[in-house]
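The values are calculated or read from the model by the stated rules, or taken from the named source; none is laboratory data. Bear in mind that the values here come from a model prediction, so they are computed numbers and not experimental data. As a convention, Cβ positions derive from the backbone with ideal geometry for all residues, glycine included, and neighbour counts pool all protein chains shown. All accessible areas refer to the heavy atoms of the entire protein, side chains included, with ligands and DNA or RNA removed. Shrake-Rupley method; radii C 1.70, N 1.55, O 1.52, S 1.80 Å.
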Amino acid sequence: MFTKHDVLPLTLYEFELPDALYIKTLKQCESLDWEAIEHRDDKNHFGRTFDCLWHQQEEFQDLVKFIEDCLEEVRVEIKASALGKLAVSSLWPNRSVKGEWHHGHTHNWSFLTGVIYIKGITGNTWFSRESEWEKITNFNMRREEEEQPLLIHKQSPKPGSMFVLPSNLFHSVDEVTEGERITMSFNSFPSVSAGDITAYAGVNLKVL
């Protein structure tokens, strides 16, 4: 007989948008011409996503500042002093309606990623990763793309909340069962500097 101990959990960081900022962002997203945008990957069961350069638009600078203030809190919390200040490197809105979902993926060329829940209470975000035991028993063999890693956490949408996660964390969205689901997603990258220039092991960066 044995006793199981679940250890070394993965931490995600949740923030709440100020009411005024949330209402402003909700109105901005609801006013978009979603029908003018094609489904992701031209597949009807996927939702719709605008381009990822919304962090450069003047009307979203209040949201960008809020995100970057939160990223700084996370950077300090995880003791990532070598990264320097993190800046939003891309920002984009997403919308799914009943019957639509989003495949599993990670975010390349990003350190921390976030999802901001704007509207809707269905369409859970699945955060998932492979267990260390699975790696051992499968000898690190490649999984088929449609197979999910074993450890899964289903997060229900919470309008007005924002989750910050490692960009390499596998995540997906299950089927929206009613109404519409609107989110804003973002990536971030170190700005100013990363590493240690004085030790010949760093780089100066600027996020556009």
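Can you say whether Lys158 is within 17 Å of the chain's Cα centre (by Cα), at pLDDT 70 or above and basic (Lys, Arg), as far as the supplied structure shows? Answer is yes for this residue. Of the candidates Phe46, Phe2, the single residue that is free of Cβ contacts under 8 Å to residues at least 60 places away in the same chain and in contact with a helix residue (DSSP H, G or I) (Cβ under 8 Å, 6 or more places away or on another chain) is Phe46. Count of the range 106-119 residues, restricted to those that are more than 11 Å from the chain's Cα centre (by Cα) and open to solvent by 20 Å² or more (accessible area, probe 1.4 Å), is 3. For the range 120-152, filtered to residues that are over 16 Å from the mean Cα position of the chain (by Cα) and at pLDDT 95 or above, the residue that is surrounded by the most Cβ atoms within 10 Å (Cβ to Cβ) is Gly120. Checking the conditions here, which among Phe2, Phe50 is out of contact with any Asp or Glu (no Cβ under 9 Å at 6 or more places or on another chain), loosely packed, with under 13 Cβ neighbours inside 10 Å, farther than 25 Å from Val192 by Cβ and among the aromatic types (Phe, Trp, Tyr)? Result of the check over Phe2, Phe50: Phe2. Beta carbons closer than 8 Å, at least 6 apart along the sequence or on distinct chains, never pair a first residue in the range 8-34 that is part of a helix (DSSP H, G or I) with a second that is hydroxyl-bearing (Ser, Thr, Tyr). Scan the range 62-89 residue by residue and report those that are closer than 16 Å to Ser167 by Cβ and open to solvent by 10 Å² or more (accessible area, probe 1.4 Å). Listed by number, the residues that qualify are Glu68, Arg75, Ile78, Ala80, Leu83, Ala87, Ser89.
Only residues that are open to solvent by 80 Å² or more (accessible area, probe 1.4 Å) and basic (Lys, Arg) were counted in the range 25-47, giving 2. Looking across Glu38, Glu16, Glu73, Glu30, one residue alone is over 17 Å from the mean Cα position of the chain (by Cα), among the acidic types (Asp, Glu) and within 19 Å of Phe186 (Cα to Cα). It is Glu30.
Within the range 91-105, restricting attention to residues that are under 11 Å from the mean Cα position of the chain (by Cα) and modelled with pLDDT of 95 or more, the residue that is surrounded by the fewest Cβ atoms within 10 Å (Cβ to Cβ) is Trp92.
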